[in-house]
1. Just to verify a result, which residue in region B:143-154, among those that are within 15 Å of the ligand (Cβ to nearest atom) and in contact with an Asp or Glu (Cβ under 9 Å, 6 or more places away or on another chain), is farthest from the other protein chains (Cβ to nearest Cβ)?
2. Say we look at region B:43-85 and pick out the residues that are in a helix (DSSP H, G or I) and within 16 Å of the ligand (Cβ to nearest atom); which of these is nearest to the other protein chains (Cβ to nearest Cβ)?
3. Please name all residue pairs, on different chains or six or more residues apart, with Cβ atoms under 6 Å, provided the first residue is in region B:156-173 and is on the phi < 0 side of the Ramachandran plot and within 16 Å of the ligand (Cβ to nearest atom) and the second residue is open to solvent by 10 Å² or more (accessible area, probe 1.4 Å) and aromatic (Phe, Trp, Tyr).
4. Mind telling me which of the residues A:Thr259, A:Thr289 ends up being at negative phi and modelled with pLDDT under 95?
5. When only residues in region A:47-66 that are free of Cβ contacts under 8 Å to residues at least 24 places away in the same chain and more than 7 Å from chain B (Cβ to nearest Cβ) count, which is farthest from B:Leu176 (Cα to Cα)?
6. Looking at B:Tyr179, B:Tyr140, B:Tyr187, can you tell me which residue is more than 13 Å from the ligand (Cβ to nearest atom) and more than 9 Å from chain A (Cβ to nearest Cβ)?
7. Quick check on region A:174-183. Is at least one of its residues modelled with pLDDT of 90 or more and of a type outside the set (Lys, Arg)?
8. What pairs come out if I take residues in region B:238-254 that are of a type in the set (Phe, Trp, Tyr) and pair them with residues that are more than 10 Å from the ligand (Cβ to nearest atom) whose C-beta lies under 6 Å away, six or more apart or interchain?
Amino acid sequence: MDPKVSLSRLWRDEHSRSVIIQVLAVVLIFGLFAYLVRNAIVNLEAIGKGFSFGYLQEPASYDINQHLIEYTSRSTHFRAMLVGILNTLLVAVSGIVLATVLGFSLGVLRLSKNLLANKLAHIYIDYVRNVPVLLHILLVYGIIVNTLPVPREAQSLGDIAFLTNRGFFLPKPIFEPLFLVILGLFTAGIVFTIWFRRYAADIQRKTGEHYPVFWISLGAILGIPFVSYFLIGGPITFEIPALTGFNFSGGMVIRPEFTALWIALSLYTAAFIAEIVRAGIISVNYGQTEASLALGINHGRTLNLVVIPQALRVIVPPLTSQYLNLAKNSSLAIAIGYMDIVATIGGITLNQTGREMECMIIVLLLYLSLSLLISFAMNIYNKRIRLVER
Amino acid sequence: MFDSVLKFKRPYSKEVLGMRVTNFLVIIAVLFSFTVMADAGTLENVKARGKLNCIVSSGLAGFASPDEKGNWQGFDVDFCRAVAAAVLGSGDKVKFVPTTNKTRFTQLNAGEGDILFRNTTETLSRDADLKLTFLPVNYYDGQGFLIRKSLGVTSATQLAGASVCIQTGTTTELNLADYFRANKMKYEPVNTETNEESIVAYESKRCDVYTTDASALASTRAALKKPSEHVILPEIISKEPLGGAVRHGDDRWADIGKWVVNALIIAEEMGITQKNIKELAKKPGNNPGMNRFLGTEGSMGEMLGLDKKWAVNAISAVGNYGEIFERHLGPKTPLALERGLNASWKAGGILYAAPIR
Ligand SMILES: N[C@@H](CCC(=O)N[C@@H](CS)C(=O)NCC(=O)O)C(=O)O
């Protein structure tokens, strides 16, 4: 056969055509990539800048106001990077938690028959979704910094906590050795709960008898440790912040940069989550609820056993991308000087060392890992709640 | 077509992953492409373009800021104009590239500017590691502290525990860390990207003190609502020799920048001003040094690869160093800075330019 004919046949065949296109695309992308890498290296070398990560071991020489681990200006750039990573993780994780709680509540309110609650939630969602997140961040930050008092005129909360425009100063818990007992009880509570849930499910399957699993778990995880805490004499003491000179010292502080970023990211993402939750719940046919009620299952259990499990299947995939958005939007921290990954390794370190390429590669890899980690965790969860076919 | 959509299975995670990977590749590509630079000499590029791209600050009154009409004004701006005039014959052939402290060197090295005049301190690491060639110092500065009078602080040694506003990517933040460490004091750094943001933070009392180069503090103080309620503390905690800079690797271009700055300083020493230069340049006088400067004798301009009248053009455009200083920073301006160290060596300062010969 004439090769021309077979080539055009290859092209006409849907399957082989798609293979050809994909191969071409991969070759092109890699070619472009190789060209750019080469170009970058040649250009960097032309101005005498090698490619090396040695600078990470040098002292950073700058201070960072919020560090979850020990850090001084004598620490290395590597440690400054760790400080940045932890700050990003802190705001991303707390943001995801708050956004989820708020988002689910708003989503449920949107379905409420109470017109006022419903409309308020609606207005909130529409407003928040249509204003860029950066503006939310600047707005919240502006409000905190401009309306709260300076430390000397701090708003005292029972003389143990203080509200200022430099942050929220709280008593800092100092754990004494005996506290390990409480920690032990807490862990034991969790282990017990895991076992007990299985046991209770088993009994229910066999006998139909129903234990109050929730209350027993709560008692095991929180109740017992809580009571024992007082029985062994409260092995935590508190360091109360006190005004010394310009600022409060001692205690813990939640800085306005963190608060603003956390609140703004959560409020913003919550609006999207609310819509996802609403859509998820609506997607469960009302017939299901009716059927469940007809079987004599009460409202609470209908919601828990029939509606929510099915809604979750619709909710979780888009929820994952909201979590990813939140994590990535946290890089807007730079606008208000919150010291995250971008501000530390991708900002000050980059600028002071002139290692743009190396620093940006690190920053990209960090965000990539964070995103993959979130996707991974959500996929595991997604698998667990997937429709089980029997 | 539709068939493949309909039959599409939903491996959610892989799709998301695939998208992330492509996004990542695109970002990398953009990152790399920004290091793609033109390779001809900077002088040729500037001449071919007919415009000098000059990196300045994003707005610091007195040094570089656009006026109501959008024309850039200031001390640093005039140095840009002088270079443009020397190279292209007109001080207006400049495109100003505003940058933050953080982006200035990256932008210079990526070729987005030909030269930088941006309150920039010459340091060893910036020279050797960031690969900048510094031009002669055009302003001898040092880091100071601005604080509200009402706080009753009279010396920087009383600042223990204060919240201090700084801009990231500066020598300022490094000096500050060293100073407080050496004096065994604690402080809370409040980071901002620009002078503008620092002022906002300072005014809202997010920080007690604002620290940066003393010249910039004078500019900032003048821009505050009630300047008289704020003081600049007496301590100067660092040396900040501010100067222009170009990329490593183009010596001819660095020479041009260097000698334009020197020419502005020398013009003041010789008493050559924007006013009298036309007259002086008409014909050679009997001062050979002056003649060389004015291009009526010798071939100084040609040696630099420029026109004979390079220095005349520069001075005609912006005047000599003293005139530039008076216009933007001197006692008649809101900044009201004294010449101090920045007076000519003949007048008790340390401004001392190598001779044109
Ligand atoms: N001289 C120091 C500090 C430079 C600096 O902080 N400049 C500030 C104020 S002095 C500035 O130009 N700000 C204007 C802007 O933010 O665009 C350095 O080179 O690192």
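The values are calculated or read from the model by the stated rules, or taken from the named source; none is laboratory data. Please read these numbers as outputs of a predicted model, since none were measured by experiment. Ideal geometry is used to build each Cβ from the backbone, glycine not excepted, and the neighbour counts take in all protein chains shown. The protein model used for the area step is the full one, side chains on, heavy atoms only, and it has no ligands, DNA or RNA in it. Shrake-Rupley method; radii C 1.70, N 1.55, O 1.52, S 1.80 Å.
1. Checked region B:143-154; the qualifying residue farthest from the other protein chains (Cβ to nearest Cβ) is B:Gly144.
2. From region B:43-85, those in a helix (DSSP H, G or I) are B:43-49, B:75-85; that's our starting set.
After this cut, where a residue has to be within 16 Å of the ligand (Cβ to nearest atom) as well, the list is B:75-80.
Details: B:Phe75: 23, B:Asp76: 19, B:Val77: 23, B:Asp78: 26, B:Phe79: 23, B:Cys80: 22 Å.
Ranking the qualifying residues of region B:43-85, first place goes to B:Asp76.
3. Filtered contacts from region B:156-173: B:Val164/B:Tyr187.
4. On the way: A:Thr259 fails: modelled with pLDDT under 95.
When all the criteria are applied, what remains is A:Thr289.
5. Filtering region A:47-66 for residues free of Cβ contacts under 8 Å to residues at least 24 places away in the same chain gives A:47-48, A:50, A:54, A:57, A:59, A:63.
Okay, now just the ones that are also more than 7 Å from chain B (Cβ to nearest Cβ), so A:50, A:54, A:57, A:59.
Values: A:Gly50: 30, A:Gly54: 25, A:Gln57: 21, A:Pro59: 15 Å.
Within region A:47-66, the match that is farthest from B:Leu176 (Cα to Cα) is A:Gly50.
6. On the way: B:Tyr140 fails: more than 13 Å from the ligand (Cβ to nearest atom); B:Tyr187 fails: more than 9 Å from chain A (Cβ to nearest Cβ).
None of the others qualify; the one that does is B:Tyr179.
7. Taking region A:174-183 as the starting set, the residues that turn out to be modelled with pLDDT of 90 or more are none.
Looking for residues that are modelled with pLDDT of 90 or more and of a type outside the set (Lys, Arg), one finds none in region A:174-183, hence no.
8. From residues that are of a type in the set (Phe, Trp, Tyr), the pairs are B:Trp253/B:Thr42; B:Trp253/B:Leu43; B:Trp253/B:Val246.
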